[in-house]
Amino acid sequence: MITPMAGRVESLASSGIQAIPKEYVWHKEELTDVAGDIFEEEKKEDGPQVPTIDLKGIDAEDEKERERCREELKKAAMEWGVMHLVNHGISDELMSRVKKVGEVFFDLPVEEKEKYANDQASGNIQGYGSKLVNTASGRLEWEDYYFHLIFPEDKRDLSIWPKTPNDYIEATSEYARQLRGLVTKILTVLSLGLGLEEGRLEKEAGGLEELLLQMKINYYPKCPQPELTLGVEPHTDISALTFILHNMVPGLQVFYQNKWVTAKCVPNSIIMHIGDTLEILSNGKYKSILHRGVVNKEKVRISWAVFCEPPKDKIILKPLPETVSDTEPALFPPRTFDQLIQHKLFKKTQENFLSKK
């Protein structure tokens, strides 16, 4: 029986090991293009770059400016499915506060963080955790995390939110409120981009009452052998949208045109991913891009991901009728969000099983 503390990557990393345990060593074919030095990789200017979208004109009175901004957002969602958002309306000060309270929490002794440990075995995933088992592949990821629902406010469980630092709740709550406003703006533009009425995608993903914002603070300790492991395995997000802050340490890589592209660190930006939910609703017009997290020897990387998710069982996700035609048949079968999660888990388990045969 593994005790939670023994399973924390932070404890492992700070123990002074020179070689990582075998459970964290990934197969060579899974580590394609994992650079020895992610800092050098991030500086490269050649090849495709994750687009930066300036949202300053998203609600501009000038029609041309507004349309140009919205067209750029739509184009990035269709071609990449990931982008850096700048001038997004959330202040640098608030983003700094959110990052600061998260960093202070992860700076606490492991014993203190354990008071917030989740219980994955019983299905209670909110709280402090690590991937203690990976039954699909047998390999573990080089990260610890803190996961909790942050919006709508009436669905939160503040009893599991960190009490230290004492402004964690206030900073994170205000960020959730402001981010929720940005979600509406983005979904409005993406609805119009499909020729739908402006509130349609938001309504189909759960609306103000049911669309859930779940925050996962990912903590990637320094790693003595970063070329042998991954912080997060290659995956697409199952959400409608995902918004990510980070501590300006590179590590996000996206799979674009059959190669791994390292995302730049763009000051004061929020990274946004299109998730599987929007890919399904748009019948594949908006892309949910494959991405992964890599680690390094020199610096701890922390990211704050907020997943915007529909309710598990109240909505059937399927391509909207307006996105389907004789020439563009439905690419996805109808499923609830929960069925979509189960399907992805089953598919991943099958793929890993077949790869071992």
Work out, step by step, the length gained on full extension between Ile316 and Glu61: first 0.36 nm times the residue separation, then minus their alpha carbon distance; give nm to one decimal.
88.1 nm
Over its alpha-carbon atoms, the chain yields an Rg and a Dmax in Å of 20.0, 63
Can you tell me the FRET efficiency between Glu29 and Lys344 if r is taken as the Cβ-Cβ distance and R0 is 22 Å, rounded to the nearest 0.05?
0.60
Test of the criteria: in the range 11-51, which trypsin sites (Lys or Arg not before Pro) are in a DSSP loop and have at most 16 other Cβ atoms within 10 angstrom of their Cβ?
Lys44
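What is the order of Met248, Met78, fewest Cβ neighbours within 10 Å to most?
The order, fewest Cβ neighbours first, is Met248, Met78.
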Between Asp92 and Asn166, what is the label-point separation in nm under the 7 Å Cα-to-beta-carbon projection?
2.9
Cα centroid distance between the range 270-347 and the range 29-61, in Å?
20
Relative contact order %, the chain, counting alpha carbon pairs below 8 Å whose residues are six or more apart:
21
Please report Leu208, Leu140, Leu340 as a ranked list, fewest other C-beta atoms within 10 angstrom at the top and most at the bottom.
Leu208, Leu340, Leu140
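Values in this text are rule-based calculations from the coordinates and carry no lab data. Everything numeric here is computed off the predicted structure, so don't read it as measured data. Cβ: placed from backbone, ideal geometry, glycine included. Neighbour counts: every protein chain shown.
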